[in-house]
Amino acid sequence: MRLYILTFLALLAFAANSILNRWALLDGATGPITFAFVRVLSGATFLWLIVAVNDHKWRPKFHIFPSVSLSIYIICFSIAYLNLGIGIGAVVLFGAVQFTMFGLAALTSEEITLWRILGAIISFSGVCVLFFPNETFEIKINEMLIMILAAAGWGVYSFLGKNAKEPLLETTQNLIWAIPFVSIFFILSPDGIGVKGFILAILSGAITSGLGYVIWYSILPFLKTSFAAILQLSVPLMAAIAGVLFFSEEMTMELVFATILVILGTFVSLIKRQRK
């Protein structure tokens with residue numbers, strides 16, 4: 001039961017991250033790079049304060065792959081979502097996350113059954129159903145490539161979480177060492193931030209990113225990489241449901257149908273092959 005609750009909280013944090021990121025950039029007063037910089041800085045500071053309460057002598061260790069992959073995801077995610085529609089952005093992001101994590105799972109000899117592949121296809125079709133009917137499809141190659149790069153960064157970062165031993169410490173040091181990489185973009189191309197964007201960036205960094213990533217790293221060792229990828233297909237769905245519950249958005253038939261497909265795909269992916 002504890003694993004189910006933590007998984008739900010992690011996915012809820014990811015959905016909230018999407019909402020906060022989009023909300024902050026909506027009025028044009030806040031730029032994606034400055035938002036990403038404040039997000040990383042506030043997340044690292046908040047988690048380091050939590051760690052320092054128990055061990056004020058702790059110092060972060062440098063591991064290049066999680067720090068770089070996390071930096072790539074955070075920067076590219078903000079930039080791409082500014083110029084891509086919500087729908088096509090979600091489809092490209094989560095489609096590429098599936099491809100990345102399934103690919104890494106296969107490379108590490110994880111058993112991937114046909115049921116799991118079928119479950120991923122069903123769930124992903126739910127995401128497409130949710131967005132495509134109301135989305136004006138416009139191909140923006142550069143923005144799509146940036147979003148694919150963001151997905152690859154997040155897929156690698158999630159894959160590395162399979163070996164997490166101390167989720168809080170590892171997430172803290174990953175965010176701390178992501179600061180120099182994100183700072184490079186911030187120094188070269190500062191794009192400003194408004195009061196609303198600053199507050200939302202702090203909330204996103206400290207709560208939905210910082211604590212959300214800690215929870216994610218605490219459950220990844222107990223999940224197959226391919227199944228962890230499929231679970232994330234519920235994130236845009238949860239964001240859409242939050243819009244209905246808290247922002248008076250319309251409950252559409254597409255949302256109902258998408259919910260059914262994502263849930264069905266998740267259960268199908270759990271079917272195990274019977275061994276002779």
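What follows is calculated from the coordinates using simple rules that are stated; it is not laboratory data. Since the structure is predicted, the reported quantities are computational estimates derived from the model, not experimental observations. Neighbour counts run over all protein chains shown; Cβ positions are idealised from the backbone, glycine included.
For the reader, a short list of remarks on this structure follows.
- Relative contact order of the stretch 1-151, taken over Cα pairs closer than 8 Å and 6 or more residues apart, is 32 percent.
- Length gained on full extension, His56 to Leu188, computed as 0.36 nm times the residue gap minus the Cα-Cα distance: 44.2 nm.
- Rg(Cα) / (2.2 N^0.38 Å) computed for the chain, rounded to two decimals: 0.98
- In this structure, Asp27 and Met253 have a Cβ-Cβ separation that, at R0 = 30 Å, corresponds to a calculated FRET efficiency of about 0.45.
- When the charge dipole of the stretch 2-269 is built from unit charges on Cβ atoms (+1 for Lys and Arg, -1 for Asp and Glu) and taken about the Cα centre, the candidate among Gly243, Asn83, Leu114 whose Cα reaches farthest toward its positive end is Leu114.
- Cα-based Rg of the stretch 1-51 normalised by 2.2 N^0.38 Å, two decimals: 1.42
- The stretch 82-133 versus the stretch 47-80: alpha-carbon centroid distance in Å: 26 Å
- Debye-sum result for the stretch 219-276 in log10 I(q)/I(0), which assumes one identical scatterer on each alpha carbon, at q = 0.12, 0.19, 0.23 Å⁻¹: -0.39, -0.76, -0.94
- From phi via Karplus (6.51, -1.76, 1.60), per-residue ³J(HN,Hα) for the stretch 20-29 in Hz, x at Gly/Pro: 5, 5, 5, 5, 5, 8, 5, 8, x, 7
- Added length on full extension, which subtracts the Cα-Cα distance from 0.36 nm per residue, Val244 to Arg2: 84.4 nm
- In summary, the lysines within cross-link reach of Lys162, defined as a Cα separation below 20 angstrom excluding same-chain residues under 8 places away, comprise Lys61, Lys224.
- Note on the stretch 163-217 and the stretch 7-43: Cα centroid distance 9 Å, given to the nearest whole angstrom.
- Fraction of C-alpha pairs exceeding 17 angstrom in the stretch 158-276: 72 percent, rounded to a whole number.
- Distant-in-sequence amide H partners of Thr113 (H built 1.01 Å from N, under 5 Å): none
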